[in-house]
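Undergrad: My questions will all concern the structure given below.
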Amino acid sequence: MLAENQCPEVPSPERSFGKLEQIKGRAKNTISRWQALKLVGAAILGATLLPLFSRRALAPAQSGYDWRGVSEVQYVPGSTLRMCQMTGDYDAEGLTHLNCTGQWGIEGTDLGVPVEHQGNLLVFFGDVPSANDADPIACTTDLDPEPHGFQLHPILRGGPGTRFRPFTVKGLSNKGYLGTNGTPTGAFSYGNRLYVFVITGDINPVSYLSSAADPAADFDLHYMISDATGKFWQIAPWVVNNAEWPGLPCETGDGVLLWGQGLEEAGWSVYLAWMALPPGQHSPVNLKYYRGPGISWSDEQQEAIPLFFMPDVSALSVGWIPEVRLWLMLYTRASLAHPHESIVCRVAKTPWGWSEEITIFNPERDGAFTKYMHEPGEDDLNLLPQERPSADSGWAYGPFLLNRYTRWNAQCRNATIYYLMSTNSPYQVMLMRSQLRFADSGYFADTR
C-alpha cells in the first residue's frame, strides 16, 4: 500500500510478455448481449447521427452543466497500468493470475458490476458464452488490490468443485436465469438488501430493478425502469443522505441517485433520477427525474434532460472522493466500430453538473494492442481459449470503479483509482489502475 506521505513513482507501461502459442480447437462463434447492443448502437449512430456529432468530445448539455473542472483535475501521465486479468485461466502477458475461473465454469466473461454489501465486495459479471450466456456472481473481502489484484470467491451451485450459480431474477426468463441479451448494469445495498438493475432484450432493451436479501438466492423483480423508448438502460446508482444534497426532491431520509443512459434524437445521453428509500420497505418508491437546476423534478421519464452527450452506448460507473468532495464517473468512448477509442472520466461537484472528459485509458498510448487486446492480423490473442477465431478487434468497455480501493495521497493530491475493464477479444475482465491529480486550492472547500 502506498505511504500517505510519499508521492508514488508512476510505473512504466512497458511489460515483458512471452510469445503466444497458437491454440488448437475453436470456441463457438457467438457474441454476448453487450456486444449485440453495441452493434445496434453503432448502426443507429452510423445511419442517423454521424452528420451531427464527431468522435471528439461532445459538448455537455448546458442545462445541467455548471463547471468545466478539467483544469482543476488532471490525469497523471503514465499512471495507467493493467494490474492483472481477473477472469479466465491465463494471462496473455504472463502476469500473476490469482483467479483461475475456468474451474467454476467461467472460461471467459465481461462486465463486472461492483457493489458493497455486508462487508463483501460483490461483482456481477456478464454473459459466459460456454454457459449459455448465464451471468456469474463472485465476491471478495480483500481490502487491498496490490500487487496482483484481489481473490474472487464465486457463488456456486453446490459445494467446492461445482459450477457457478447464475444470477437469476424471478419472472424475467423462462430459462431460470437471465441468459442471452440479459445482464446486470448497476447495483446498490440498503437495509440489509441487495438491489440490482438489469437490462434485457437486444434491439428493444428494457431495464428493471430487482433485489434479494441473499445474493445466492433468486432475486425478486420489483418493476420496470425503462422500456425501449426510455432513458435509463444503463444505470449507475449511489445511496445518499438527502439532506446533504440541496435540490433533491426530498430533504429528509435516504435516497438513491440514478445516472442512466439512453438514446434520443440528439444521440446517446446521460440523465439523472432519484428514488426514495423508505425505512423498512423492500421496494424504493417515488422515482423522480431531473429537469434542470431550479426546476422541480418530474414524475415523467421523458421530461428528464441530458446532463451531457456521449458518442456511443456504454456502461456507467460512479464514485465519490470525500477528500475533495467530488463525484467521479467512468464510461467508454470505444465500440466495435471504433476500437481505438478511450475510457474517460468526468468529475462533478453536484450530481448534475459534470466536467468535460478526461482520458484515463487509451489503448494505443497505454500499449494494450497485441499485448492484452487483440488487433486483427497482428497477434494471436483471438486464438486463446475460450476465444472466437473470427473475433473482431479488442476494445475497452465496461469500466466499473472499485470504490473500496480508491486511495488518496494528501501530499501529492493524487487519487489512485482501480476499475474493472472488459476487452472483447480476449473476452475477459482486466483490473486497471490510474491516477488523477487535483488542484491545491480552496476551490473544493465546500461543494454542496
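Every number here is computed from the coordinates shown, using simple stated rules; none is lab data. All values reported here derive from a predicted model rather than from experimental measurement. Note that each Cβ is placed from the backbone with ideal geometry, even for glycine, and that neighbours are counted across all protein chains shown.
Undergrad: Once you keep just the Cα pairs under 8 angstrom separated by 6 or more residues, what percentage relative contact order results for the stretch 33-440? Show your work: numbers first, answer last.
TA: Numbers: 1061 pairs, mean separation 73.3, N = 408.
This gives 18 percent for the stretch 33-440.
Undergrad: Local charge sum around residue 218 (other residues, Cβ-Cβ under 12 Å, Lys/Arg +1, Asp/Glu -1)? Could you put the intermediate results ahead of the total?
TA: Working: positive: 165, 170; negative: 214, 220.
Result for the local shell: 0.
Undergrad: Sticking with this structure for a sec: Could you give each residue of the stretch 141-157 its phi-based ³J(HN,Hα) in whole Hz, using Karplus coefficients 6.51, -1.76, 1.60 with θ = phi - 60°, and x for Gly or Pro?
TA: 10, 4, 9, 9, x, 7, x, 10, x, 10, 7, 9, 10, x, 7, 9, 5
Undergrad: Now for a separate question. Would you mind putting 115-122, 131-138, 165-172 in packing order, based on average other-beta-carbon counts within 10 Å, highest first?
TA: Details: 115-122: 15.9, 131-138: 23.1, 165-172: 19.6.
My ranking of the peptides, most packed first, is 131-138, 165-172, 115-122.
Undergrad: Apply the Karplus parameterisation 6.51 cos²θ - 1.76 cosθ + 1.60, with θ equal to phi minus 60°, to every residue of the stretch 299-316 and state each ³J(HN,Hα) to the nearest whole Hz, in sequence, with x for glycine and proline.
TA: 7, 9, 4, 5, 8, 5, 9, x, 6, 6, 9, 10, x, 6, 5, 7, 5, 10
Undergrad: Another question about this same structure. Mind scanning 288/349; 170/371; 175/288; 231/371 and naming the pairs with a C-alpha gap bigger than 31 Å? Don't skip to the answer; put the middle values down first.
TA: Values: 288/349 21 Å; 170/371 41 Å; 175/288 33 Å; 231/371 37 Å.
Listed pairs above 31 Å: 170/371; 175/288; 231/371.
Undergrad: Please list, in chain and number order, the residues 5+ apart from residue 167 or on another chain whose amide H is under 5 Å from its amide H, with Hs placed from the backbone.
TA: Long-range HN contacts for residue 167: 135, 137.
Undergrad: Distance in nm between label sites at residue 264 and residue 203, each 7 Å beyond Cα in the beta-carbon direction?
TA: Each label point lies 7 Å from its Cα, and together they span 2.4 nm.
Undergrad: Taking amide H atoms as placed 1.01 Å from N in the peptide plane, list the residues 5 or more away in sequence, or in a different chain, whose amide H sits under 5 Å from that of residue 240.
TA: Here the answer is 255, 256, 257, since their amide H atoms fall under 5 Å of that of residue 240.
Undergrad: If you don't mind, another one. Calculate the dipole size of the stretch 33-440 relative to its Cα centre from +1 charges on Lys and Arg beta carbons and -1 charges on Asp and Glu beta carbons; express the result in debye to the nearest 20.
TA: Numbers: 27 positive and 41 negative charges, 86 e Å.
I would put it at about 420 debye.
Undergrad: Something else about it: Can you check what the net charge comes to around residue 288, using other residues whose Cβ is under 12 Å from the Cβ of residue 288 (Lys, Arg +1; Asp, Glu -1)? If you can, show how the numbers build up before the last one.
TA: On the way: positive: 291; negative: 299, 300, 303.
Residues close to residue 288 contribute a combined charge of -2.
Undergrad: What nm distance separates the two modelled labels at residue 370 and residue 340, each placed 7 Å from Cα along Cα→Cβ?
TA: In this crude spin-label approximation the distance works out to 1.4 nm.
Undergrad: Next question, about the same structure. For the stretch 236-293 and the stretch 330-398, what is the separation of their C-alpha centers, rounded to whole Å?
TA: Taking the Cα centre of the stretch 330-398 as reference, the centre of the stretch 236-293 is 29 Å away.
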